[in-house]
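The values are calculated or read from the model by the stated rules, or taken from the named source; none is laboratory data. Quick caveat, the model's predicted, so the values are computed rather than measured. Virtual Cβ from ideal backbone geometry, glycine too; neighbours counted across all protein chains shown. We work out accessible area using only protein heavy atoms, side chains counted, and drop any ligands, DNA or RNA first. Shrake-Rupley method; radii C 1.70, N 1.55, O 1.52, S 1.80 Å.
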Amino acid sequence: MAKRVHQPREDAEFDFILGMSGVPVLAYFTGTWPKAIEPCRVTDLVVEGIAEDYTGRLTAVRTDITRCPAATERYGITGAPSYVLLKEGEAVAHGMGPMTITEVRKFLDGHL
């Protein structure tokens with residue numbers, strides 16, 4: 001089974017995934033500090049479902065803020081969880097905070 005959600009270990013790997021994706025990318029940024037852990041775990045489950053539902057239309061990338069600081073800065077991420085929808089490497093939409101699967105679908109469908 002193909003990996004549904006990519007998890008880059010560093011900025012170079014994040015950029016590689018962006019460059020190889022032939023479809024829009026949903027990059028969601030997570031954190032490991034105490035107040036971010038639970039909302040980010042919930043977001044993991046939501047995005048896993050989204051990645052399955054949007055197979056072939058979207059690449060999902062779980063981006064750890066501490067492992068990918070350049071990507072975090074590039075897209076103006078100030079908290080976790082945060083979402084950025086990218087088309088050809090350019091941000092077309094931003095979202096922040098925990099979202100339900102329905103909210104993420106609305107976020108995506110307006111831009112896909």
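Overall, the chain carries a charge dipole of about 160 debye about its Cα centre when +1 sits on the Cβ of Lys and Arg and -1 on the Cβ of Asp and Glu, all other atoms neutral.
Relative contact order for the chain: 35 percent, from Cα pairs under 8 Å spaced at least 6 residues apart, divided by residue count.
Across F16, F107, F29, the residue with the most accessible area heads the list, and the full order at a 1.4 Å probe is F16, F107, F29.
As a fraction of the 1.4 Å probe accessible area of segment 24-112, surface on carbon and sulfur atoms comes out at 54 percent.
Over all distinct Cα-Cα pairs of the chain, the Kirkwood formula returns a hydrodynamic radius of 13.7 Å.
In segment 64-112, the inverse of the mean reciprocal separation of distinct Cα atoms equals 11.5 Å; this is its Kirkwood hydrodynamic radius. Shown is the FRET efficiency for D44 and K87, computed with R0 = 25 Å from the Cβ-Cβ distance and rounded to the nearest 0.05: 0.60. For the pair D109 and T66 in one chain, pulling the backbone fully straight at 0.36 nm per residue adds 12.6 nm over the alpha carbon distance. The accessible area of R4, taken with all protein chains in place and a 1.4 Å probe, comes to roughly 80 Å².
Figure legend: label point modelled 7 angstrom from the Cα of R74 along Cα→Cβ; residues of segment 1-39 with amide N under 18 Å from it are 6-30.
Gain on full extension, evaluated as 0.36 nm per residue between K35 and H94 minus their Cα-Cα distance, stands at 19.2 nm. Spin-label model, E52 to R4: label points 7 Å out along the Cα-to-beta-carbon direction sit 0.4 nm apart.
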